[in-house]
């Protein structure tokens with residue numbers, strides 16, 4: 001109606017609509033966000049990812065991690081490690097050096113695979129079969145970051161380290177911990 005009043009003709013509507021569509025597509029391609037979502041993105045809210053992913057982005061690792069960690073010295077004899085297994089509550093162990101700095105991770109499956117394939121001898125220590133240089137997560141990271149790291153190579157645990165010293169163990173985070181925290185947060189949001 002305004003176009004008719006301005007031009008006296010409706011023939012301009014179709015070219016105008018096509019121009020608007022093309023300009024919107026070009027602007028979205030160049031900027032990536034609309035004027036409506038740009039402000040949200042700057043605040044850290046990604047509506048394209050969905051509100052459930054934003055839940056994980058708002059939860060720090062330190063609120064979910066376990067502070068008690070079963071650490072195993074890297075120079076522990078594998079016979080002693082085998083004696084420790086039945087008394088342990090965990091199947092995943094963080095391997096530390098004499099200064100209690102993290103040097104690796106050892107899972108029961110790593111040990112079991114080596115044991116039954118005959119690749120263990122009497123002189124081996126934990127350091128010989130551990131996975132060195134484990135992927136870790138900082139206590140200040142979010143659960144979204146932790147989930148990306150833990151699923152990248154299908155890890156069962158993530159050692160939690162200090163942001164100041166990436167070798168200092170502060171706790172441990174499992175995939176189950178992340179999923180339980182996610183479920184609780186989504187249920188809490190649904191209720192409120």
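Read-outs throughout are calculated quantities, based only on the coordinates presented, and are distinct from any laboratory measurement. Since this is a predicted model, take the numbers as computed values, not measurements. Cβ sites come from the backbone with ideal geometry, for glycine too, and all protein chains shown count toward neighbours.
Values computed for the structure shown
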{"read-out": "Where a label projected 7 Å from the Cα of residue 133 along Cα→Cβ would reach, residues of segment 77-120 with amide N under 15 Å", "value": "103-105"}
{"read-out": "Simple spin-label estimate for residue 57 and residue 140 in nanometres, 7 Å along Cα-Cβ", "value": "1.9"}
{"read-out": "Potential extension, residue 191-residue 21 segment - 0.36 nm per residue separation minus Cα distance", "value": "57.2 nm"}
{"read-out": "Pair residue 149, residue 176: separation of 7 Å Cα→Cβ label points (nm)", "value": "2.1"}
{"read-out": "DSSP beta bridges in segment 61-191 [antiparallel fraction, %, rounded to 5]", "value": "75"}
